[in-house]
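> Before we start, here is the structure in question, set down as structure tokens.
The values are calculated or read from the model by the stated rules, or taken from the named source; none is laboratory data. Fair warning: this is a prediction, and the values are worked out from it, not measured in the lab. In this analysis, Cβ positions are derived from the backbone assuming ideal geometry, glycine residues included, and neighbour counts consider all displayed protein chains.
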Amino acid sequence: VTYWNPASARMYGYSEAEAIGREVVELVTQPEHHDAWRKWFAEILSSQRGSTSFQAWRKRRDGNRIEVRGSIVLMASPDKPVEFVCLDHDLSPKRKLDQERSVLEEQLRQSQKLEALGTLAGGVAHDFNNLLTVINGRSALALADLPQDSPLREEFGEILEAGQRAARLTKQLLSFSRKQVAHPVVISAGRHIASASRMLQRLIG
């Protein structure tokens, strides 16, 4: 190393005084890869190619690895040994941004799935509520027309009660899908949780 700029010092952790005069392979590559890098550098120097690009993992002073995209540019002159300038670009920030983008994209997909589920639940609840309106209305009319001593009163009462429970369930589904207009009121949390316990058990598991 004959030149070590401030960016190299930040990137690899060696000061200029520590880097100048040392072998670049020793500074920035893992010991088990030293021979392979030396051979590669020798081939570049002997080939006289103007420039070479590469992407590889490099070693910092603290032992951590960083991925870099680099370019080697030969600086040849007749009266001096062949030198080269190595320009390394740290890919870690880009990799981190890519990972963060992947997480955000997955969160967006999950959000879209939940939104689609809410839309489906709302549509089903609306259609089901229309059917329940007919069932509950006819059951109430039948009860009103039946004599008090009719054995069918108990049967129609059961139908009406089941229909009313189903209507409460559709109301909960509409709330879940956010299709219902909200009217804030003071409520008894325990009573409402108890009434929604069956649906909550299915949702929470």
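Each row is one residue, and each column tells you yes or no for (1) of a type in the set (D, E, K, R); (2) touching a strand residue (DSSP E or B) at 6+ places or on another chain (Cβ under 9 Å).
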position	(1), (2)
85	no, yes
110	no, no
142	no, no
150	no, no
153	yes, no
165	yes, no
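> Under the condition of being surrounded by fewer than 10 Cβ atoms within 10 Å (Cβ to Cβ) and at pLDDT below 70, which residue from the stretch 174-202 is nearest to residue 121 (Cα to Cα)?
By that ranking, first place goes to 181.
> Looking only at residues in the stretch 153-162 that are surrounded by 12 or more Cβ atoms within 10 Å (Cβ to Cβ) and without any contact (Cβ under 8 Å) to a residue 24 or more places away in the chain, which one is nearest to residue 203 (Cα to Cα)? So that I can check it myself, show each step before the final result.
At the first step, the residues of the stretch 153-162 found to be surrounded by 12 or more Cβ atoms within 10 Å (Cβ to Cβ) are 153, 155-157, 159-162.
Then keep just the ones that are without any contact (Cβ under 8 Å) to a residue 24 or more places away in the chain; that gives 153, 155-157, 161-162.
On the way: 153: 36, 155: 32, 156: 31, 157: 30, 161: 24, 162: 22 Å.
Checked the stretch 153-162; the qualifying residue nearest to residue 203 (Cα to Cα) is 162.
> Let me ask another. Taking the condition buried (at least 16 other Cβ atoms within 10 Å of the Cβ), more than 33 Å from the chain's Cα centre (by Cα) and not in a helix (DSSP H, G or I), does residue 37 pass?
On the way: buried (at least 16 other Cβ atoms within 10 Å of the Cβ): yes; more than 33 Å from the chain's Cα centre (by Cα): yes; not in a helix (DSSP H, G or I): no.
Considered against the rule, which asks whether it is buried (at least 16 other Cβ atoms within 10 Å of the Cβ), more than 33 Å from the chain's Cα centre (by Cα) and not in a helix (DSSP H, G or I), residue 37 comes out as no.
> Can you find a residue in the stretch 82-105 that is without any contact (Cβ under 8 Å) to a residue 24 or more places away in the chain, under 30 Å from residue 175 (Cβ atoms) and of a type in the set (Val, Ile, Thr)?
Yes, that holds for at least one residue.
> Going through the stretch 9-44 one residue at a time, which ones are touching a His at 6+ places or on another chain (Cβ under 8 Å) and of a type in the set (A, V, I, L, M, F, W, C)? Steps first, please.
Let us first name the residues in the stretch 9-44 that are touching a His at 6+ places or on another chain (Cβ under 8 Å), namely 25-26.
Across the stretch 9-44, the qualifying residue is only 25.
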